[in-house]
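Reviewing the structure listed below.
All of the numbers you see were taken from the coordinates with simple rules; none came from a lab. The model shown is predicted, which means the values in this text are computed figures rather than measured ones. Cβ: placed from backbone, ideal geometry, glycine included. Neighbour counts: every protein chain shown.
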Amino acid sequence: MATKKTLPATQDAEQANREFRKANEIIAPRVTRGGTLSLLARKIFNVLLYHTQRLGAPGANAPGDDPAYREFYWLPLGELARDTAFDSEDTKVLKDSMLKLQDIKVVIDDAKGFASDVLIPKIRVIPDRRGKATMVGWTIDSTTEKTLLRPEFYTRLSIYYLTSLRTTAGISLYENAKRYATNPSRLTMRETWDWWHDVLTGLPMTHEKPEYKYFKRDVLKPAIDEVNTTDIRVELIEHKTGRRITHLQFKIERAAQGALELPPPPVIDTKTIDRIRELGIHPREAEDIFASHDDRLVRDTLDWVRDRIASTTMPKVESPAALFRSALRGRYAGSKPAGKKTLIAPPQHSSKTEADTENAIAEEPRDPTADRAMAKFEFLPIPDQKRRLELFAESLKEPLRSTYAKQGLGSAVIRRSLAGWLVKTDNA
């Protein structure tokens, strides 16, 4: 969260003036290939676009006399790190995310048919030499340069607020909401929730979609809460076809403008990313995981996996990476109190009776047979896990069915019930 200390008036004005014009055509890109358009990648693209407009033309600050460098826009790597709220001496993650922009192909939904193959065609990183700063160079595609530099229809975006946002969905929702903040209706376009899923998560369009209720819980609500700490407020509007929610749009209101607060701590936590990598997960996937999930949930899940690996009463963990992915997807540690070391943590409850039941279940002696069944379940392929969970959910009766709907596998009662059900069905 941002601190309550506000900026001096001169810095306040300077921050407020750090704006750029983002063409409306590229406010809501959807990824067709090349991986996830992650939090850091989004920030880098916005910062590069801001400095592209500020510089006005390529060639300035080019390192050396190489004529090829004159087609690039140039910026010191340290300045890029500062503007993306990346405060780390380890710039490898920053460079990897920047280079990843070249791999990502996007499509743009626009009435004019505007399209872009890649966000940034070329990137160069020239290491520091003879005491000079490491420089970053990038190009803009010639067919879209005019649109990006001098857009006809655009949205003004503040580097300050874009820097302050901490999630991939938050930054995307903020940009989309700002686009319609001056519209007389103050409503975004009405689009399918699948479309919003692709835009807000930055995941490839071919990526398997979750159920809407999980998308709302894990992506929409956190993004709305985050955007509502900025200079605008958004409200979700759901549209149904029959009983099913099929389309979404957002209502936008401007918030009262107060003194800008100091920006939050750096949003890219390389220590947490390193912990994910230590489980055997590729560096790029580690960054995507960190960027696309709540940072508290990621850290709690890492602690949960650490405790599970250290357990002497449960089967040995053969693949920490697979266990981590399953635990994160199932939100096993989603309600784990900070600092509490327990393999199954009781979530928050509205009823004292439910809380007492959860605590009693969590403190019961562990059943090795049930633990083995759960361990076997956790290493099943994702489609197989989903099928098993669907059958498990159908077998539940009240009040367990309601508990499962509200808490999922974050509930100790549900976890223990699932383990027992797995034992019975595996032996049936």
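In terms of other Cβ atoms within 10 Å, 201, 425, 229 run from fewest to most in the order 425, 229, 201.
Each residue of region 225-242 is assigned a 3J(HN,Hα), and the resulting list reads 4, 5, 4, 6, 9, 9, 8, 9, 10, 10, 10, 6, 10, 9, 10, 10, 10, x Hz, derived from the Karplus form 6.51 cos²θ - 1.76 cosθ + 1.60 (θ = phi - 60°), x at Gly and Pro. Under the simplified labelling scheme, the residue 386-residue 156 pair shows an inter-label distance of 4.4 nm, with each label point 7 Å from Cα along Cα→Cβ. Volume of the convex hull of region 9-254 (Cα atoms only), normalised per residue: 141 Å³. Extension gain, residue 253 to residue 238, is 3.7 nm, computed as 0.36 nm per intervening residue step minus the present C-alpha separation.
Karplus-based coupling profile of region 54-63, in residue order and whole Hz: 5, 6, x, 8, x, x, 5, 6, 4, x, with θ = phi - 60° in 6.51 cos²θ - 1.76 cosθ + 1.60 and x standing for Gly or Pro.
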